[in-house]
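The values are calculated or read from the model by the stated rules, or taken from the named source; none is laboratory data. It should be emphasised that the depicted structure is a prediction, and the values quoted were computed from it without experimental measurement.
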Amino acid sequence: MFVLRPVDFETMWQFVTAVLARKPPGHVLGYLAAGPLEDMIACFGDYFIERIEHTARRDPAFRDLLHGVWKNATPDALWERVKAARGPEPECGDGLDVRPEP
(Lines give C-alpha, C1' and ligand atoms only; values in the text may rest on other atoms or scores of the structure.)
Protein backbone atom coordinates (compact mmCIF):
# COMPACT_ATOMS: atom_id res chain seq x y z
CA MET A 1 0.00 0.00 0.00
CA PHE A 2 1.22 3.49 -0.78
CA VAL A 3 1.72 5.71 2.24
CA LEU A 4 -0.23 8.88 1.53
CA ARG A 5 -0.15 12.09 3.50
CA PRO A 6 -3.46 13.91 3.86
CA VAL A 7 -2.33 16.61 1.43
CA ASP A 8 -1.80 13.96 -1.26
CA PHE A 9 -5.30 12.58 -1.61
CA GLU A 10 -6.65 15.24 -4.00
CA THR A 11 -3.53 14.88 -6.12
CA MET A 12 -4.06 11.11 -6.18
CA TRP A 13 -7.67 11.56 -7.37
CA GLN A 14 -6.47 13.90 -10.12
CA PHE A 15 -3.77 11.40 -11.11
CA VAL A 16 -6.22 8.47 -11.32
CA THR A 17 -8.75 10.39 -13.41
CA ALA A 18 -6.06 11.88 -15.68
CA VAL A 19 -4.52 8.49 -16.42
CA LEU A 20 -7.95 6.96 -17.05
CA ALA A 21 -8.83 9.79 -19.45
CA ARG A 22 -5.83 8.82 -21.61
CA LYS A 23 -7.44 5.41 -22.23
CA PRO A 24 -4.32 3.42 -21.31
CA PRO A 25 -3.81 -0.28 -22.13
CA GLY A 26 -5.27 -2.93 -19.85
CA HIS A 27 -2.14 -3.63 -17.85
CA VAL A 28 -1.91 0.05 -16.91
CA LEU A 29 -5.56 0.00 -15.82
CA GLY A 30 -4.78 -3.00 -13.62
CA TYR A 31 -1.91 -1.16 -11.94
CA LEU A 32 -4.02 1.98 -11.57
CA ALA A 33 -6.89 0.08 -9.93
CA ALA A 34 -4.81 -2.18 -7.68
CA GLY A 35 -2.40 0.57 -6.66
CA PRO A 36 -3.39 4.22 -6.32
CA LEU A 37 -7.18 3.82 -6.53
CA GLU A 38 -7.31 0.89 -4.12
CA ASP A 39 -5.05 2.67 -1.63
CA MET A 40 -7.00 5.89 -1.93
CA ILE A 41 -10.27 4.07 -1.21
CA ALA A 42 -8.74 2.17 1.73
CA CYS A 43 -7.20 5.30 3.27
CA PHE A 44 -9.59 8.10 2.29
CA GLY A 45 -12.70 6.30 1.06
CA ASP A 46 -15.05 8.17 3.39
CA TYR A 47 -13.89 11.42 1.85
CA PHE A 48 -14.15 10.16 -1.75
CA ILE A 49 -17.14 7.82 -1.77
CA GLU A 50 -19.69 10.33 -3.06
CA ARG A 51 -17.28 11.40 -5.80
CA ILE A 52 -16.60 7.74 -6.63
CA GLU A 53 -20.32 6.99 -6.85
CA HIS A 54 -20.99 10.06 -9.00
CA THR A 55 -18.08 9.34 -11.34
CA ALA A 56 -19.05 5.67 -11.67
CA ARG A 57 -22.61 6.64 -12.66
CA ARG A 58 -21.45 8.85 -15.52
CA ASP A 59 -18.21 7.15 -16.66
CA PRO A 60 -18.27 3.48 -17.70
CA ALA A 61 -14.46 3.38 -17.85
CA PHE A 62 -14.22 4.47 -14.20
CA ARG A 63 -16.93 1.98 -13.24
CA ASP A 64 -14.89 -0.77 -14.92
CA LEU A 65 -11.73 0.45 -13.19
CA LEU A 66 -13.43 -0.09 -9.82
CA HIS A 67 -13.59 -3.82 -10.64
CA GLY A 68 -9.80 -3.94 -10.33
CA VAL A 69 -9.93 -2.66 -6.74
CA TRP A 70 -9.85 -5.18 -3.89
CA LYS A 71 -11.29 -4.56 -0.44
CA ASN A 72 -7.90 -4.24 1.26
CA ALA A 73 -8.39 -2.25 4.50
CA THR A 74 -11.63 -0.61 3.36
CA PRO A 75 -14.32 -0.68 6.07
CA ASP A 76 -17.22 -3.04 5.30
CA ALA A 77 -19.93 -0.38 4.94
CA LEU A 78 -17.77 1.66 2.59
CA TRP A 79 -16.84 -1.43 0.57
CA GLU A 80 -20.54 -2.19 0.04
CA ARG A 81 -20.93 1.28 -1.51
CA VAL A 82 -17.90 0.72 -3.76
CA LYS A 83 -19.34 -2.62 -4.91
CA ALA A 84 -22.70 -0.98 -5.61
CA ALA A 85 -21.00 1.83 -7.55
CA ARG A 86 -19.07 -0.54 -9.79
CA GLY A 87 -22.09 -2.70 -10.58
CA PRO A 88 -22.08 -6.28 -11.84
CA GLU A 89 -18.77 -7.98 -12.55
CA PRO A 90 -17.85 -7.59 -16.25
CA GLU A 91 -17.12 -10.56 -18.45
CA CYS A 92 -13.53 -11.81 -18.44
CA GLY A 93 -11.39 -10.25 -21.12
CA ASP A 94 -12.18 -6.71 -20.05
CA GLY A 95 -8.45 -5.99 -19.98
CA LEU A 96 -8.01 -5.53 -16.25
CA ASP A 97 -6.80 -8.86 -14.88
CA VAL A 98 -7.83 -12.36 -13.96
CA ARG A 99 -9.86 -12.22 -10.81
CA PRO A 100 -9.77 -14.96 -8.15
CA GLU A 101 -12.84 -17.00 -7.42
CA PRO A 102 -14.90 -15.55 -4.51
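Could you tell me whether Phe9 is assigned to a helix (DSSP H, G or I) and modelled with pLDDT under 90?
Yes: the conditions hold for Phe9.
Whether any residue in the stretch 67-81 is basic (Lys, Arg) and at pLDDT 95 or above is what I want to check.
The answer is yes; a qualifying residue exists.
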